[in-house]
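Below: one structure, written as structure tokens.
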Amino acid sequence: MKTIIVDDEIFARKRILNLLKDIPEIEVVAECNNGSSAIETINNLQPELLFLDINIRDMDGFQLLENISPDKKPVVIFVTAHDDFALKAFEFDAFDYLVKPFKEDRFHRTVKKVLTQQQRLSTPNFEAELRRLVETFGNRPTHYLQKLAIKQGNKTSLIATNTIKYIIASGVYAEIFTPEGKYLHRDSLSNLETQLDPEHFFRVHRSSIVNLEAVKEIVHSDFSEIDVRMEDNRLISVSKPLKKELMAKLGI
């Protein structure tokens, strides 16, 4: 796969190059340290794979993607020190989102998945197999947690998830807020996010998840930023890239 690396940090580019050097299926055809040269290079070389930082010198990675015009869009893997833009990255059909400093095995798993996908796409019966999988699994309902088990000393409390008002990250723990009080649960927000129904719960920031039905009002701050005020009057910051999606979920 023809590959281009776009990052304004030379050591970041060199690390990716080093990790790719023993993968014969990957051919790095160019490196770019700014958006303008990257757009020109991508349009000229038509890569199949793109490693892209979000913050580059003259624009962000999203602006770059909006300005490239290859006949076939490359597979995009974001590699960045910022984890706030993951949702937006996947809106741009990113294949994966690696947060620096990432581990080598995490990087190689991603590349392996890219190569596996590429191989399947080149298989003549891929479309027929994909249709079969969709027909088999596509209509199965997704089940989310109805109760959350929280250990407290020598007992385990079962908290109905629909009573959870919001969740705040606190180190290796998550603070679960309900009308009955606060519970301390040893789990990550990323894991909890996958278990809670997205129709009702939304991760407004890397450190907080809110129950949309418990949002009392939107508070507009400076620089187009917003907070949500919960039913208990707590203000929770909303990450700027998530503002638009949150407003849509709230029907605003």
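The values are calculated or read from the model by the stated rules, or taken from the named source; none is laboratory data. For clarity, every value in this text was computed on a predicted model and none was experimentally measured. All Cβ positions, glycine included, derive from the backbone under ideal geometry; neighbour counts span all protein chains shown. The accessibility values were calculated without ligands, DNA or RNA, using every heavy atom of the protein model including side chains. Shrake-Rupley method; radii C 1.70, N 1.55, O 1.52, S 1.80 Å.
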Bridge orientation stat for the chain from DSSP, antiparallel percent rounded to 5, came to 65 percent
DSSP-assigned coil residues among GluC sites (Glu not before Pro) in segment 134-229, each with at most 14 further Cβ atoms within 10 Å:
GLU180, GLU199, GLU225
Roughly how many Å² is the accessible area per residue of the chain, as a whole number, for a 1.4 Å probe?
59 Å²
Is the C-alpha gyration tensor of the chain telling us rounded, prolate or oblate? Criteria: a/c under 1.5 is rounded; beyond that, a/b larger than b/c is prolate, otherwise oblate.
prolate
Which one of VAL238, THR3, ASN55 is farthest out on the positive end of the charge dipole of the chain, using unit charges on Cβ (Lys, Arg +1; Asp, Glu -1) and the Cα centre as origin?
VAL238
For ASP227, ASP222, ASP105, give the ranking by accessible area with the largest first, probe 1.4 Å.
ASP222, ASP105, ASP227
Contact order relative to length for segment 154-230, counting C-alpha pairs under 8 Å separated by 6 or more residues, stands in percent at 22 percent
How large, in percent, is the carbon and sulfur part of the accessible surface of the chain at a probe radius of 1.4 Å?
49 percent
For MET230, MET247, give me the order by solvent-accessible area with a 1.4 Å probe, most accessible first, ignoring ligands, DNA and RNA.
MET247, MET230
Which of the trypsin sites (Lys or Arg not before Pro) across segment 142-225 are loop residues per DSSP, with 11 or fewer other Cβ within 10 Å?
ARG186
Cβ charges +1 (Lys, Arg) and -1 (Asp, Glu), total dipole of the chain, debye:
860 debye
Label ALA30 and THR194 with points 7 Å out from Cα along Cα→Cβ: what is the distance between them in nm?
3.6 nm
Based on Cα coordinates alone, diagonalise the gyration tensor for segment 1-83, multiply each eigenvalue by 5, take square roots, and list the semi-axes in whole Å, largest first.
18, 16, 10
